[in-house]
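Note sheet for the following structure.
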Amino acid sequence: MKKNFIKKQDFLLKLLSLALSIVLWAVVMDIDNPERNMRFDDVPVRIIGASQLKAATGLELIEGEDTTVTVSLRGQSKSVGEVRASQITATVDISGLTEANEYDLPVTVSVSKSGVETNYVNPGKVHVRVDRVESKDVPVEVNVTGTPDDGYRAGKPTTATKKVTVSGPATDLAQVSKAVASVDVTGRNSSLADYECKVTLYDQDGAAFTSNYITSQTEKIKVSVPIYRVNNIPLTVTLKDGGSLTQNQVQCVIDPENVEVIASNQAVLSDIKEINLGEIDLGSVHTGTPISMSIKDKLPSGVSLVSGQPETANVTISVDGIATRKVQVSKFAWNDTAQENTPYKVAILTKSVEMELRGSESQLKKVDVNNLSIGLTYDSVSLGVGRHTVKGVATTVGLPSGVTLVEEDIEVEIEITDPHVSDETITSDKTDSTDDTDSTVAEPTAHRTRKGGGSQ
């Protein structure tokens, strides 16, 4: 009995020793292999679902592909210590996106190591952008900057490249309106041929457009810029004697006096001594009134005006020792060549015509305007009913000695009416017309008798 008791106690002691050993082992193991955190920096984020997104919506990943995150893992020291960065996978799924936009999407982390779990991810979300990738052609412009050497001007630049193709996100691409190549001609005195220029994209507001996602198939183009020598050429006119005036009696002022011209062939410019604007008949010119004459139309072939130079000149004629007087002539003398056969009446609508007289001041004061008239010759039958402009001829009677009339084209407005078409007839015609007709009858114009002319 005593022996059995001793055996039983011995067994219990052994069992207790085993339990204590296990506890002691666990304590020792916990001390030697404690739980801890380990941080992994610059873990690349892999974007998944891009092919599914493009197939479903046509959208592509634009931004967010090169993102990295910091991952913290937690586990037993030994297990965590055995983890390599290559065993950590960080992913962002974009397959569920439906519209072109920017998104902040959560990062999912997995570790191919048992006994290890994710403690945190920083940042927990990644910024991505999706859009449709498109291409389009934009026009090319060449911009010349700088100033050539003294006495030289840059001509119009040319390039064989008229457009370039650009590609990128549709949202960015919509802002690109043109491609500009700039060439600097500062200090140059010779032309540039096939000069290579970098192309810069511009938006609709004329500002340089920059985007990391827009690419151009053409980065440089070849440009040619002619550099011309500038010549300053005087302007002249030819004066034709007339109306008792000679070239020696008048002064001619041309504004501007000179213009700057260029030519691709320098030999052409060397032969140009002046640019003659044409002939002025002193018998018909109004003194003191500027005459606009074309410069551009008088340039020799191959010669052009420098940019900014006027295309017309004002020529003013003044007379030394001779006064002028402007008068209003309201006396008309008409001659209807169809008078015997015409069924019409004619009224002169022009009230008066301004005319210019020349002579000494004392003689001009003696002029009686009633001695001036305007003769009209017309064929009322050929002209027909309506308003017409006919040529007039100035006639004078008894002008004082030394007084002349400035010749000029005179136009007078007349109105021809049919006396057999009465107001009552027109009113009756209008009353009989129905609402469905598109035709209308014009009201007759009242005749007014003017001084020196009237109804016929």
Turns out the strands (runs of 3 or more DSSP E) fully within the stretch 52-129 with at least 1 residues that are under 30 Å from ASN212 (Cα atoms) and in contact with a helix residue (DSSP H, G or I) (Cβ under 6 Å, 6 or more places away or on another chain) are 60-63
HIS388 meets each of (1) out of contact with any strand residue (DSSP E or B) (no Cβ under 6 Å at 6 or more places or on another chain); (2) without any contact (Cβ under 8 Å) to a residue 60 or more places away in the chain with one exception, condition (1)
*Could you tell me whether the stretch 149-170 includes any residue that is surrounded by 14 or more Cβ atoms within 10 Å (Cβ to Cβ) and over 30 Å from ASP194 (Cβ atoms)?*
yes
Among the residues in the stretch 418-438, are any farther than 30 Å from LEU245 by Cβ, at pLDDT 85 or above and in a strand (DSSP E or B)? no
Within the stretch 207-221, is there a residue that is over 17 Å from VAL164 (Cα atoms), of a type outside the set (D, E, K, R), exposed (fewer than 14 other Cβ atoms within 10 Å of the Cβ) and touching a strand residue (DSSP E or B) at 6+ places or on another chain (Cβ under 9 Å)?
yes
Within the stretch 259-273, is there a residue that is of a type in the set (Ser, Thr, Tyr) and outside any strand (DSSP E or B)?
yes
Note on the stretch 386-409: residues more than 13 Å from TRP334 (Cβ to Cβ) and surrounded by 14 or more Cβ atoms within 10 Å (Cβ to Cβ) are ALA394, THR396, LEU399, PRO400, VAL403, THR404, LEU405, VAL406, GLU407, GLU408
Flagged in the stretch 346-386 as of a type in the set (Lys, Arg), closer than 25 Å to ILE416 by Cβ and over 49 Å from the mean Cα position of the chain (by Cα), in numbering order, are none
Those residues of the stretch 287-320 that are crowded, with 16+ Cβ neighbours inside 10 Å and under 28 Å from THR246 (Cα atoms) come to a total of 10
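The values are calculated or read from the model by the stated rules, or taken from the named source; none is laboratory data. Note that the structure is a prediction, hence the values are computed from the model and not measured. Neighbour counts run over all protein chains shown; Cβ positions are idealised from the backbone, glycine included.
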